[in-house]
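Asks: One structure, as structure tokens, below. Some questions next.
We did not get these values from a lab; they are worked out from the coordinates using the rules stated. Everything quoted here is computed from the prediction, not taken from an experiment. Here the Cβ positions follow ideal geometry from the backbone for every residue, glycine too, while neighbour counts run over all protein chains shown.
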Amino acid sequence: MQLPPDFLDFYVELTGDGPPTDVSTHCRRELMHAVWAILLDDDFLHAYEHGIVILCPDGIFRRFYPRIFTYSADYPEK
Amino acid sequence: VAIAADENLILELEHEHEVLPPNDTSQNTSHHQPSVEPDPEISASGRAVRKKRLTWKLLQQLPAPPGPLPEPLSAFQIIEPPSETSLPNSEIVWRAIKTSCNSFGLYREYPDIPTHNPDNTLCLLNLVDNSPPINEMELSTSVSTPLSHQDPISSSSSSFFPFKNSTIFGMMSWMWTGSSMKSIGEMKKLVDFLKSDDFKKDDLATFDIHSETTKFDNYLERPASDNPQDGWRESEVIIQVPDGKIHSKDSIPTFKVPGLHHRSLVDVIKTIYSDVASTSFHYMPFKSFWKDPSTPESVPQRVHDELYSSDAMIEAHMKLQQQPPEPGCTLERVVASLMLWSDSTHLANFGTASLWPLYLFSGNQSKYVRGKPNTASCHHVAYIPKVRTIGYSM
């Protein structure tokens, strides 16, 4: 899942030189955000707003509304 | 011999006398009066078995379960029952239903009468890593409530999938598992199967090893989309790359990063909250308080310990109750609190093999349970691809 040649070649072709550190970091941050854009899909947004009905193990149906409380993450900045 | 031994003992005592300060007589008195204890149990190695005792800490300070809730009936007597007909949403308030204090002076304050109290089924065994002392284990097993309603749904037809019945399943299982060299042990297994109730001679009328094997191969090689069990998908991520030039909105250079493995968040949430493990989940947040039991006049202090007793969760819960319900839905509305975690994870002690996983935990679960590795409380949601720029970047 790593692509040393691809991204470098792409960037060198684009600008004639390798990406400076800040551009690399920026691209990795962009990647993280793009990943989240995929994860927070329409299903999730619908569930966030309208909830999802789940049969709990105690035999009761409940409507669950997902809420994000903590997000402890490091993004691949290096 | 006995006299000789006594003489030795006396010699030893005299020797001790020389070492001890002359005015100290307390030490050697015990030697003259050996305590009369029953013969200790002897283990296989010939040593006395040491009796295991709970330490003072365990005996005195085991975590106590929370005090019971007020009986639903009496609670309704105290508090005005809400009129079910047309209650405006803004009237949903914190009803402050208090549990009684436990032995530590801890009590809880719920916004409403909870529909589920997970701590009823919780025992010490759920919370400790290593097995507690023996008498505690006995206590735990007797306290824990079996999940009687968790009867496995008998789906006799589907459980042998992709095979038609238990006979064929058993034959194929014998054929393709265990040793490839059929030995006495393997034969024994086959005979055991033939003797069992799973084997029915009639089912073998149309049995054909080649077609059944083909069926099995097809099942194993089915496309991933037909296999919703884990729901992993692979996507490519598109990012915009700045190259220092000015672009119009449509001509910004983009780069495709393949290899994002991810699952649907909604599917993961459904899995978490329908799993048997969620019996221990708190659906309703509460405030936890401590009141010094020795001084009745003391002011209760808020206890901050779990996500489901935090202000953030309470705020989210109350906000959710106040928003208009889904049309025609009278189900209890619950905040599914998500806790996400992500960082690079090395896979090897030597070398650079690493992954960038994204994990999901549930805040409805106690941190003591969540923190135990064998409770499978950590759910992986995505594996983030890495963009390597080594060689150019400094």
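Asks: To the nearest 0.05, how large is the calculated FRET efficiency for B:T345 and B:I246 if R₀ is 30 Å and r is the Cβ-Cβ distance?
Replies: For R0 = 30 Å, the calculated efficiency reads 0.15.
Asks: Further question on the same structure: Rule-of-thumb check for segment A:27-78: C-alpha Rg over 2.2 N^0.38 Å?
Replies: Rg over 2.2 N^0.38 Å, computed on Cα atoms: 1.55.
Asks: Quick check on my link table: of B:K256/B:K386; B:K249/B:K386; B:K287/B:K319; B:K164/B:K201; B:K164/B:K215; B:K98/B:K291, which ones sit more than 22 Å apart, alpha carbon to alpha carbon?
Replies: The answer is B:K249/B:K386.
Asks: May I ask for the net charge around A:F10, where only other residues with Cβ less than 12 Å from the Cβ of A:F10 are counted and Lys, Arg are +1 while Asp, Glu are -1?
Replies: Residues close to A:F10 contribute a combined charge of -3.
Asks: Looking only at other chains, what is the average number of their beta-carbon atoms within 10 angstrom of each beta-carbon in A:29-42?
Replies: Whole-number average of other-chain Cβ neighbours for A:29-42 is 6.
Asks: Then there's this: Report the extension gain between B:T254 and B:D217 in nm, rounded to one decimal, defined as 0.36 nm multiplied by the number of residues separating them, less their alpha carbon distance.
Replies: That pair, B:T254 and B:D217, stretches by 9.2 nm at full extension.
Asks: Subtract the Cα-Cα distance of B:T375 and B:A312 from 0.36 nm times their separation in residues, and report this length gain in nm to one decimal.
Replies: 20.1 nm
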